[in-house]
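The values are calculated or read from the model by the stated rules, or taken from the named source; none is laboratory data. Computed from a prediction, not measured in an experiment: that's the story for all the values here. Reconstructed Cβ throughout: ideal geometry from the backbone, glycine too, with neighbour counts over all protein chains shown.
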Amino acid sequence: MSFRRLCASRYRTKMAETAQARMQWTGDAEADTLISSDPTALLIGFCLDQQVPVEWAFMGPLRMRERLGTIDPVEIARLDPATVEEAFRRVPALHRYPASMARRVQTLCQTIAGEYGGDASRIWREAKDARDLERRFAALSGFGAAKARMMVGVVAKQLGFALDGWEQIAPDHPTLADVHTVTEREAYQTQKRAFKAAVRAASDTKPAARGRS
């Protein structure tokens, strides 16, 4: 075994040893253990975490593994895109937009395979500092500026990789970086729904306000 593979194996073992204590985001013990112990599974979940509930997004890695037999990024990268899309479309679908998200997830895996040797944890283990880590996350398929900032917090708070400067980059409001238990997830979702409702309400009142002026 190469030194790089040995490091990756030891890191996955360390994650697995503490998996039960982290990231109870789906309500399914097997799915939660997978995203807590496998860096690629965690990133796939975050890639899917858009326009669907948290539970649905983070069940995705387990469903992928069940349907494709693997979530190894090197193997996923090599698959026929039609095969990946079929797995995403199969009922229950892995996402509200299965075709586009299948492409994004496969592109994510291709990046992990091509730029990080198939070891997703190298994204944060080899980052120079939090700003470098933010750039690495922002470059991933299905991620963007806001999610990259949140991921810096996730790596620091959930995985223990508190790189220099992470406090200045991670959001100062609650995110999934702060959610460990089912109770915390439910409170986070309630707060998130209330925030979205307030934004919609504010948006709905603006035309009326302009009409009265």
For this session: Would you check which residues across the stretch 155-206 are of a type in the set (D, E, K, R) and farther than 24 Å from residue 48 by Cβ and list them?
Result: 164, 167, 172, 204, 206
For this session: Quickly run through the stretch 41-82 and pick out the residues that are surrounded by fewer than 18 Cβ atoms within 10 Å (Cβ to Cβ) and either part of a loop (DSSP other than H, G, I, E, B) or within 13 Å of the chain's Cα centre (by Cα) (or both).
Result: 50, 51, 53, 55, 69, 70, 72, 79, 80
For this session: State yes or no: is residue 105 in contact (Cβ under 8 Å) with a residue 12 or more places away in the chain and more than 17 Å from residue 72 (Cβ to Cβ)?
Result: no
For this session: List the number of the failed condition for residue 9; all other conditions in (1) at pLDDT 95 or above; (2) part of a helix (DSSP H, G or I) hold.
Result: (1)
Seminar exercise, completed: Filtering the stretch 126-152 for residues that are small (Gly, Ala, Ser) and surrounded by 22 or more Cβ atoms within 10 Å (Cβ to Cβ) leaves a count of 1
Problem set entry | Residues of the stretch 107-124 satisfying the condition of being surrounded by 18 or more Cβ atoms within 10 Å (Cβ to Cβ), part of a helix (DSSP H, G or I) and over 14 Å from the mean Cα position of the chain (by Cα) | 111, 113, 122
Exercise. Has the stretch 180-192 got any residue that is assigned to a loop (DSSP other than H, G, I, E, B) and either surrounded by 12 or more Cβ atoms within 10 Å (Cβ to Cβ) or at pLDDT below 95 (or both)?
Worked result: yes
For this session: Quick one: residue 137 ticks every box in (1) closer than 28 Å to residue 70 by Cα; (2) not in a helix (DSSP H, G or I) except a single one, so which number is it?
Result: (2)
Exercise. Which of the residues spanning the stretch 90-106 are closer than 14 Å to residue 65 by Cα and assigned to a helix (DSSP H, G or I)?
Worked result: 102, 105, 106
Exercise. In the stretch 168-179, is there at least one residue being farther than 15 Å from residue 47 by Cα, in a helix (DSSP H, G or I), more than 16 Å from the chain's Cα centre (by Cα) and touching a residue at least 12 places away in the same chain (Cβ under 8 Å)?
Worked result: yes
